[in-house]
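Participant: Before I ask anything, here is the structure I am working with.
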Amino acid sequence: MEIGSFKIPGHATKRKWAVYIFKAVPHNSEEKIQLYVGKVGDNRAGCNPVISRVGNHFSHNKIHSQIRNKIEIPEEYDYEYFYCHFDEYDEECPKRSETRQKVNELERELNRQVQDRIVDRNKYLLLNEYKGTGYISLEEKKKREALLLPSEIEMLKQLVNETIE
């Protein structure tokens, strides 16, 4: 038998658009630290708090459990979850699909920044590396670039710096 506990800060229960980095630190120092970049608020049915997404990563439902799907024995790691909220989620907002596009671009940008920040490939492994190999038109590329504010890009840099030494 064992008793465990962990704290959940109140802001982790907010229903807001967010991006995150999940950091899995192995108990065995020979293994790599594994990272996963994700977002909340990207589905058509709503936006769950980041704490809900954390739990889903360890679900036995393969659709939601990206960490459990990629890490063979999850209990052999300790986890840190780094996130930042962006816009409020509004169920009635007519611009919800535009905000969803923005959170998708925030996730892509965060993934690119994580890749750029990893200098020691022997220490870190990004589990879901964004490759950007699909074709998108120049018009769509410009549209995506215009979605993010410089302050949001800076916030993503801070998030990456907080996660990766």
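Participant: Once both labels are modelled 7 Å past Cα along the beta-carbon direction, what's the S29-S97 spacing in nm?
Facilitator: Going by the 7 Å Cα→Cβ label model, 5.3 nm.
Participant: Within the range 3-86, report the GluC sites (Glu not before Pro) that DSSP leaves as loop and that have at most 10 other Cβ atoms within 10 Å.
Facilitator: Passing sites in the range 3-86 are E30, E72.
Participant: Return the subset of K70/K141; K131/K157; K23/K143; K62/K142; K70/K143; K14/K131 for which the Cα-Cα distance in this structure is over 27 Å, preserving the input order.
Facilitator: Too far apart for the 27 Å limit: K70/K141; K23/K143; K62/K142; K70/K143; K14/K131.
Participant: Right, something else. As an exercise, take the mean of 1/r over every pair of distinct alpha carbons in the range 11-92, invert it, and state the Kirkwood radius in angstroms.
Facilitator: Taking every pair of different Cα atoms in the range 11-92, averaging 1/r and inverting gives 13.5 Å.
Participant: No solvent, one uniform scatterer per C-alpha: report log10 I(q)/I(0) for the chain via the Debye equation at q = 0.14 1/Å, two decimals.
Facilitator: Summing over Cα pairs of the chain leads to -0.78.
Participant: Treating cross-link reach as a plain straight distance, find the aspartates and glutamates whose alpha-carbon is under 19 Å from the alpha-carbon of K123, omitting any fewer than eight places away in the same chain.
Facilitator: Partners within reach: E30, E31, E72, E76, D78, E80, E162, E165.
Participant: If eta is 0.890 mPa s and T is 25 °C, what Stokes-Einstein diffusion coefficient results for the range 82-165, Kirkwood Rh from Cα pairs, in µm²/s?
Facilitator: Rounded, D is 171 µm²/s.
Participant: Among V114, V54, V19, determine the one that fluctuates most according to a GNM of the chain built with springs between C-alpha atoms less than 10 Å apart.
Facilitator: With Cα springs under 10 Å in the chain, the top fluctuation among V114, V54, V19 is at V54.
Participant: Compute the distance from the alpha-carbon center of the range 1-56 to that of the range 74-135, in whole Å.
Facilitator: Centre-to-centre distance over Cα atoms comes out at 12 Å.
Participant: For the range 57-111, take N as its residue count and report Rg(C-alpha) divided by 2.2 N^0.38 Å.
Facilitator: 1.50
Participant: Could you check which residue among D120, D90, D78 shows the biggest mean-square fluctuation in a GNM of the chain with a 10 Å Cα cutoff?
Facilitator: D120
Participant: Follow-up question, since we're still on this one. How much area per residue is accessible in the range 36-165 when the probe is 1.4 Å and only protein heavy atoms are counted (Å²)?
Facilitator: For the range 36-165, the solvent-accessible area averages 62 Å² per residue.
Participant: Here's something else I'd like to know. Looking at the range 97-165, which trypsin sites (Lys or Arg not before Pro) are in a loop (DSSP not H, G, I, E or B) and have at most 14 other Cβ atoms within 10 Å?
Facilitator: Those that pass, being in a loop and sparsely packed, are R121, K123, K131.
Participant: Ranked by accessible surface with a 1.4 Å probe, highest first, in what order do K62, K39 come?
Facilitator: Highest to lowest solvent-accessible surface, that is K62, K39.
Participant: Now, a different point. Just from its helices, what would the mean residue ellipticity at 222 nm be for the chain, if runs of 4 or more DSSP H residues each count -39500 (n - 2.57) and the sum is divided by every residue, rounded to the nearest 500 deg cm²/dmol?
Facilitator: Result for the chain, helices only: -11000 deg cm²/dmol.
Participant: So which chymotrypsin sites (Phe, Trp or Tyr not before Pro) in the range 8-107 pass both tests, a DSSP loop state and at most 14 other Cβ atoms within 10 Å of the Cβ?
Facilitator: Hits after loop and neighbour filter: nothing returned.
Participant: Name the helices (complete DSSP H segments) of the chain with a Cα length along the long axis of 15 Å or more and a Kyte-Doolittle mean of at least -0.5, or state none.
Facilitator: 150-163
The values are calculated or read from the model by the stated rules, or taken from the named source; none is laboratory data. Bear in mind that the values here come from a model prediction, so they are computed numbers and not experimental data. Cβ coordinates were reconstructed from backbone atoms using ideal geometry, including for glycine residues, and neighbour counts include every protein chain displayed. Accessible surface areas use protein heavy atoms only, side chains included; no ligands, DNA or RNA. Shrake-Rupley method; radii C 1.70, N 1.55, O 1.52, S 1.80 Å.
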